[in-house]
1. Dipole of the chain (Lys/Arg Cβ +1, Asp/Glu Cβ -1, origin at the Cα centre): which of Ala152, Ser82, Ile246 lies farthest to the positive side?
2. How big is the chain by Rg and Dmax over its Cα atoms, in Å?
3. Per-residue HN-Hα couplings for segment 216-221, Karplus 6.51 cos²θ - 1.76 cosθ + 1.60 at θ = phi - 60°, whole Hz, x for Gly and Pro?
4. Just going by the charge dipole of the chain, with Lys and Arg at +1 and Asp and Glu at -1 on Cβ, which of Tyr58, Ala229, Leu190 is farthest out on the positive end?
5. Each residue of segment 278-286 in turn: what ³J(HN,Hα) in whole Hz from Karplus with 6.51, -1.76, 1.60 and θ = phi - 60°, glycine and Pro shown as x?
6. Can you give the charge dipole size of segment 3-290 about its Cα centre, rounded to the nearest 20 debye, using +1 on the beta carbon of Lys and Arg and -1 on the beta carbon of Asp and Glu?
7. Using the beta-carbon distance between Glu57 and Glu192 and R0 = 41 Å, what value does 1/(1 + (r/R0)^6) give for FRET efficiency, to the nearest 0.05?
8. May I ask you to give the percent of accessible area on the chain that is carbon plus sulfur, with a probe radius of 1.4 Å?
Amino acid sequence: MKIIDILSSEKITLSFEVFPPKINSNYKSVLEAAEKIASFHPDFMSVTYGAGGGTSEYTLNIAEDIQKIHNVTVLPHLTCISSSKSHIHDMLHRIRNMGFENIMALRGDVPKDGPISQEYHYAAELIQDIREIDPNICIGGACYPDGHVESANKNEDIGHILEKVKAGCQFLTTQMFFDNSVYYNYLYRLREKGITVPVLAGIMPITRKIQLERSISLSGTSIPSRFRAIVDRFSNDPGAMMQAGIIYAAEQIIDLIANDCTHIHVYSMNKPEVAFGIIKALSSIIRPSSI
Ligand SMILES: Cc1cc2nc3c(=O)[nH]c(=O)nc-3n(C[C@H](O)[C@H](O)[C@H](O)COP(=O)(O)OP(=O)(O)OC[C@H]3O[C@@H](n4cnc5c(N)ncnc54)[C@H](O)[C@@H]3O)c2cc1C
């Protein structure tokens, strides 16, 4: 099913993200985690893609398994920053042959020491390319409530989001944020610029302090002092941190839904217990019929 059709219904949607292993020996455990998350019947699952393309086989294999065996709609990711057009066209061909109707089109982080594409510079070029090859495939793109780390300011960044939408991106998923007011403000600015596509709220339940630190250093996401205090208080106790992280994320989701932001994408980080914790915490809010 196309994700844009899932998003156009009235219902609250809940989706989860998994990432492929970097090495073959971890493949089985990642696949098991992805399958477990798929067994919760989310509205869809996304499977990320290594920026260098080195783990593309794993992305497609995991995506195919979830879609075929578990009958869950899948959004495979594709990045272009290290790829030639012919490689991207080959990947696209394979994605369509495997029966996927959706694709998350990304630039990827510019590698410090890996190859850099001479043919793609930004995600909008990839989106345009995909759209020209396949007018029907549903295309998603990334957006950044705190601003993308490389952009000079939010206005300029939002201008480039508009280019992605004009190129054929039909929905956006945000980078993680921990302060809903940042998301509401961003959504207002997107709408003001004429960007009307659905904007899925990306929520990351933090279950370890190191996960938070890594995420902030990569993304520049702002941390509200209330959340900082929670992490400082509980990070030495894994069970308590897991519980606090899930509850904080669930509270964010409740607030989003209360404010009519009904498409929630959870960065579940290959952790079925985190995905289940969120589902359990919201069991009367996102009813089983809608997950
Ligand atoms: C929901 C989501 C999913 C992700 N999944 C993956 C994944 O699977 N694999 C992975 O490696 N990474 C993933 N990322 C990370 C992402 O690849 C990085 O954030 C990357 O640095 C930017 O990718 P993008 O597609 O947003 O790039 P772009 O939209 O191309 O933007 C990148 C930067 O370039 C600027 N820009 C855009 N167009 C222009 C222009 N014409 N002129 C000048 N500047 C311009 C933008 O303002 C921004 O600062 C994901 C991020 C999100 C939010």
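The values are calculated or read from the model by the stated rules, or taken from the named source; none is laboratory data. Owing to the predicted nature of the structure, the values given are computational and were not obtained by experimental measurement. Here the Cβ positions follow ideal geometry from the backbone for every residue, glycine too, while neighbour counts run over all protein chains shown. We work out accessible area using only protein heavy atoms, side chains counted, and drop any ligands, DNA or RNA first. Shrake-Rupley method; radii C 1.70, N 1.55, O 1.52, S 1.80 Å.
1. Farthest along the dipole direction, towards plus: Ile246.
2. Gyration radius and largest Cα-Cα distance of the chain: 18.0, 51 Å.
3. In residue order, the calculated couplings are 5, 5, 7, 10, x, 5 Hz.
4. So the residue we want is Ala229.
5. Once θ is set to phi - 60°, the couplings for segment 278-286 become 5, 4, 5, 5, 10, 4, 9, 9, 9 Hz.
6. Details: 26 positive and 32 negative charges, 90 e Å.
For segment 3-290, the charge dipole is close to 440 debye.
7. 0.45
8. On the way: 6810 of 13190 Å².
Carbon and sulfur: 52 percent of the exposed surface of the chain.
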